[in-house]
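One structure is given here, and the rest of the page talks about it.
The values are calculated or read from the model by the stated rules, or taken from the named source; none is laboratory data. Being a predicted model, the structure only gives us computed values, none of them experimental. So basically every Cβ, Gly included, is an ideal-geometry build from the backbone, and we count neighbours across all protein chains shown.
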Amino acid sequence: MGKPSIIITITTADLERVQRKLNEGAYRTREQFRYDVTKIFDNARLYNQEETIYYKYANQLQNHVRPMMDRLKEGSLLTQEQVEAKRRGTQEVPEEEEGSSKKLRKARAK
């Protein structure tokens, strides 16, 4: 009989990864986004002692971000490109489908 094995899964999260996933449209639900952002704070507390600025700032920043996260609506996550398009006053609008892929065109926001 062999020795029992222990599998440890470490979930990492950082702001660059969250930004990349936003840009790629990888978040399908707000809970996926919330999970990754919360994991950043959790990891800061897990890997730093309570008296460090990293631990303390994780608490402060999470308390600041929590109300914003609570206001997120399902389907409200935008990619960086969509945010920039909104700032420019344009948005992506689906054109007619060709085969199985959709084409997008830029439209002036009203």
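Numerical summary
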{"item": "Any hit, the range 57-73, residues being within 16 Å of GLY25 (Cα to Cα), loosely packed, with under 12 Cβ neighbours inside 10 Å and at pLDDT below 75", "result": "no"}
{"item": "Members of the range 14-34 that are over 22 Å from ALA85 (Cβ atoms) and surrounded by 16 or more Cβ atoms within 10 Å (Cβ to Cβ)", "result": "ARG34"}
{"item": "Residue list for the range 1-29, restricted to those being out of contact with any helix residue (DSSP H, G or I) (no Cβ under 8 Å at 6 or more places or on another chain), closer than 21 Å to ARG66 by Cα and modelled with pLDDT under 90", "result": "ARG28, THR29"}
{"item": "Subset tally (residues that are under 15 Å from ALA13 (Cβ atoms), in contact with a Leu (Cβ under 6 Å, 6 or more places away or on another chain) and not in a loop (DSSP other than H, G, I, E, B)) for the range 23-79", "result": "1"}
{"item": "Tabulated pairs, the range 39-50, first farther than 11 Å from GLN62 by Cβ, second part of a helix (DSSP H, G or I), C-beta under 6 angstrom, 6+ apart or interchain", "result": "ASN48/TYR54; ASN48/TYR55"}
